[in-house]
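For reference, the structure is listed below as C-alpha cells.
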Amino acid sequence: MTLPPIPPPTSAGAAASSPAPALTIDALGKKCPIPIIMLAERIREVSVGELVEVLADDPAAKTDLPAWCMIKSQESVSVTELPVGWSFLVRRAY
Amino acid sequence: MVYLDAASAEPLHPAGRQAMLAALDDGWADPARLHNEGRKARLLLDQARDAVAALLGCRADELSFTGSGTQAAHLAVLGTVMARQSATRGPGRIVVSAVEHSSVLNAAAWVQRAGAAVTVTGVDATGRADLGELAAATARDRTVLACLQAANHEVGTLQPAQDAAQLCQRAGVPLLVDAAAVAGRLPVPAGWSLLAASAHKWGGPAGVGVLAVRKGTRWRQPLPAADSQAGRSPGFPNVPAIVGAAAALQAFQAERAGDDKLRALCDQIRTGVLATVPDAVVHGDPAAALPHIVTFSCLYVDGEALVTELDKAGFSVSSGSSCASPTQRPSHILEAMGVLTHGNVRVSLPRGTQQKEVDGFLGVLADAVTRLRDNLGAHGNDPRPEDPYVEVTA
C-alpha cells in the first residue's frame, strides 16, 4: 500500500523546466539528518534566487527536505523521483 | 528514571494490579465449563465485560476481549470484509486515513493482497483527517468499511470521528473507530459500527484488547471458528488480565480530573521546547489534542540518538524517527503530515506526572540536543529570515 504523497511544492516549476542549479549537493547514501545538514551548511554558497539541487536517497529526506524549506522559509521548487532516491530543487529565498 | 512514554504503555494502575492478582486465585479456570471453578471464572469475565462495555458506551454482547488492540483492529477489518464480500464482485473497497495505527494499515494491506481496493485519505499538517476525502471515498461503489481513529497516538491530534460516523451512516458504510488513544481518557466518539481499544493504554495489563461490533453490523469470524465470547476472539481468555483491565479502566476513567494537570504540563513542554531548543518544531494541534501527548522534532538531530541521550539523562521517551535504522522508514504519520521526521521525540505523560519531572526533562533536553548537533557538526542556529545577514560559523 502506498501512502499519500507529500504535498506538492509551492511553485509550479518542475525540474525539467527549471534553470540549472548553481550547486548540486550529493547526499546519496547519507542517512537523515545528514542531507539536511549539508543543505543548511551550503545553501549560502549560492546567491539569493539561485537554485540548489540535493540528491538524497534516505526515505526521510522526501519529507524532511520540503519540511526544512518550510521551517526555514526557503523555497522548495520541486521533488523529482530518480532511479535511486530523489532530486530536490531548493531556491535560496534570502 | 522518569517515565514519559505513556502512549506506548501506561504503567499498570494499582486498582488494576490488585484486581488482577485476586483474579489469578479466583479466575484461573475455564469459563466455558459448568463446574464451580468454571462458573467463578465465567462470573468474573462477565462482570468485567459488563463494566468495560458500560464505560465504553456499548452493550456487553457487542463486546469481546482480544489478545491485544492490534488483534482487535485486525479482527475488525478482516471480519467486516469477510462479511461483506461478494462472491461475484470480490471484496470491495476499504478506506483508511493515512495516520491510522499500523495495525489498521497492515490489515488494509492484507485485504488488498486478497483483492480488495484500499483508499488512503489524507490529513492536514496537524494530522487531522480530511473529511472531504473520506466522504468522496465512502461514496464510491462497493466501499465496505471506513477506518478512522478517535485520536492520533503519535501526535495527539483529535480526529473528527463523530462527524465521520454521521457521514458514513448516510453513505451506508460501517466505520471502525480505533479508540485506543482515547479510551479511559476522553469519551469515545458516538456512531461507530466497530470499535477497537487496548487495555495497556489505560493502565490495564498488556495482552488485553477490546473489539466491539455494534448490533446490526455485518461481521463474520475471519479465523477458524470459535465458540467462546460470541465467536469473535478464539481461544481461552486470560480472565485475570481481563479483570485487571476492567478495574484499571474504571479507576483510570474516574481520575479524569487529573487530565487538566497533564494538559497544563504538556502546554509547558510545548512552550519550553520552543523557548529553549533552537530550530525545534512542535507537531499537532494543541487546541484539539489528547491531554497527555506532545510531539516535536529538532532539526539536525538523529531522533533515535536523542532518545538514547535522554535515556542516559534519566528520561524515557519515544521517537518516530528512523535515522539509525537501514530498514525502517520514518513514522508514516509524520510523513503524511509533511512535517520534519528526523530529530523526533514523543513525550507522553502517565497519570501522576509531577511538575518537577517535566521541569527536569526540559532542563536536560536543550543540552542533549546541543551535544548531538555538535557531534554531527551541525548548527541549530543558522540564520532565519529575521536576521538574514548573520553568517553561519562552523
Where does chain B land at 222 nm, in deg cm²/dmol rounded to the nearest 500, when only DSSP H runs of n ≥ 4 count, each adding -39500 (n - 2.57), divided by all residues?
-> -12500 deg cm²/dmol
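For the protein assembly as shown, give the magnitude of the charge dipole about the Cα centre (Cβ charges: +1 Lys/Arg, -1 Asp/Glu; no others), in debye to the nearest 20.
Details: 42 positive and 48 negative charges, 378 e Å.
With Lys and Arg at +1 and Asp and Glu at -1, about 1820 debye.
Let's see if you can work this out: charge +1 on each Lys and Arg Cβ, -1 on each Asp and Glu Cβ, no other charges. What is the dipole magnitude of the range B:12-253 about its Cα centre, in debye to the nearest 20? Walk me through the numbers before you get to the answer.
On the way: 22 positive and 17 negative charges, 118 e Å.
The dipole of the range B:12-253 has a size of about 560 debye.
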Have a look at the DSSP beta bridges in chain B and tell me what percent are antiparallel, nearest 5.
-> 55
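Using C-alpha positions alone, give me the convex hull volume of the protein assembly as shown per residue in cubic angstrom.
Numbers: hull volume 73.4 nm³, N = 488.
It comes to 150 Å³ per residue, whole-number rounded.
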Length-normalised contact order for chain B - Cα pairs under 8 Å, 6+ apart - percent = 21
Using alpha carbons only, how many degrees (0 to 90, rounded to 10) separate the axis of helix B:259-276 from the longest principal axis of chain B?
-> 30
What's the average, rounded to a whole number, of partner chain beta-carbon atoms within 10 Å of each residue's beta-carbon in A:33-42?
-> 6
Nearest 10, in degrees from 0 to 90: the angle of helix B:69-84 to the longest Cα principal axis of chain B is 60
Chain B shape via C-alpha gyration tensor axes, a/c threshold 1.5 = oblate
Shielding by other protein chains, B:337-350, mean Cβ within 10 Å | 4
Report the net charge of residues surrounding residue B:118, where surrounding means a beta-carbon distance below 14 angstrom and charges are Lys +1, Arg +1, Asp -1, Glu -1.
-> +2
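Kindly state, to the nearest 0.05, the FRET efficiency for residue A:94 paired with residue B:87, given R0 = 41 Å and r defined as their beta-carbon distance.
Numbers: r = 63 Å, r/R0 = 1.53.
According to the calculation, E is roughly 0.05.
Calculate the FRET efficiency for residue B:114 and residue B:190 from the Cβ-Cβ distance with a Förster distance of 30 Å, rounded to the nearest 0.05. Spell out each step's value before the answer.
Working: r = 31 Å, r/R0 = 1.05.
Plugging the Cβ-Cβ distance into 1/(1 + (r/R0)^6) gives 0.45.
Inside 10 Å of the C-beta atoms of A:55-63, what's the mean count of C-beta atoms belonging to other chains? Mind showing how you got there, number by number?
Details: counts 0, 0, 0, 6, 6, 14, 3, 5, 12.
Going residue by residue through A:55-63 and averaging, the value is 5.
Indicate, rounded to the nearest 5 percent, the antiparallel portion of the DSSP beta bridges found entirely in the protein assembly as shown. Could the numbers behind the result be given before it?
On the way: 34 of 58 bridges.
In the protein assembly as shown, approximately 60 percent of DSSP beta bridges are antiparallel ones.
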Karplus-derived HN-Hα couplings along the range A:39-56 (A = 6.51, B = -1.76, C = 1.60, θ = phi - 60°), whole Hz, x at Gly and Pro = 5, 4, 6, 10, 4, 6, 6, 9, 7, 4, x, 7, 9, 10, 9, 10, 9, 8
Which listed residue (B:249, B:341, B:221) has the Cα farthest towards the positive end of the charge dipole for the range B:210-352, taking +1 on Lys and Arg C-beta and -1 on Asp and Glu C-beta about the Cα centre?
-> B:221
Considering only B:148, B:176, B:340, give the residue with the highest GNM mean-square fluctuation for chain B, with springs between Cα atoms whenever their separation is below 10 Å.
-> B:340
Residue B:308 versus residue B:256, label points 7 Å from Cα toward the beta carbon: distance in nm?
-> 4.2
Ranked list, fewest to most other Cβ atoms within 10 Å of each Cβ, for B:219, B:28, A:68 | B:28, B:219, A:68
So for R0 = 56 Å, FRET eff. of residue A:80-residue B:214 from the Cβ-Cβ r, to 0.05, ends up at 0.75
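Which residues make up the longest stretch of chain B that has no trypsin sites (Lys or Arg not before Pro) in a DSSP loop with at most 16 other Cβ atoms within 10 Å?
Values: sites that count: B:33, B:59, B:89, B:140, B:142, B:214, B:215, B:218, B:220.
Between the exposed loop sites, the longest stretch runs B:221-394.
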Roughly how many nanometres apart are two label points built 7 Å out from the Cα toward the Cβ at residue B:18 and residue B:355?
-> 2.9
Which is farthest toward the positive dipole end of the range B:12-253 among B:172, B:70, B:53, measuring Cα position about the Cα centre, with Cβ charges +1 (Lys, Arg) and -1 (Asp, Glu)?
-> B:172
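About the Cα centre of the range B:257-376, what is the dipole size in debye to 20, counting +1 per Lys and Arg Cβ and -1 per Asp and Glu Cβ, all else neutral? Walk me through the numbers before you get to the answer.
Numbers: 10 positive and 14 negative charges, 30 e Å.
Result for the range B:257-376 is approximately 140 debye, rounded to the nearest 20.
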Amide H contacts under 5 Å for residue A:78, restricted to residues at least 5 apart in sequence or on another chain and with H modeled in the peptide plane, are A:89
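Since every read-out is calculated from the coordinates, none of them should be taken as a lab result. The shown structure was predicted, so the numbers you read here are calculated from the model rather than taken from an experiment. Methodologically, a virtual Cβ is constructed for each residue, glycine included, from the backbone with ideal geometry; neighbour enumeration extends over all protein chains shown.
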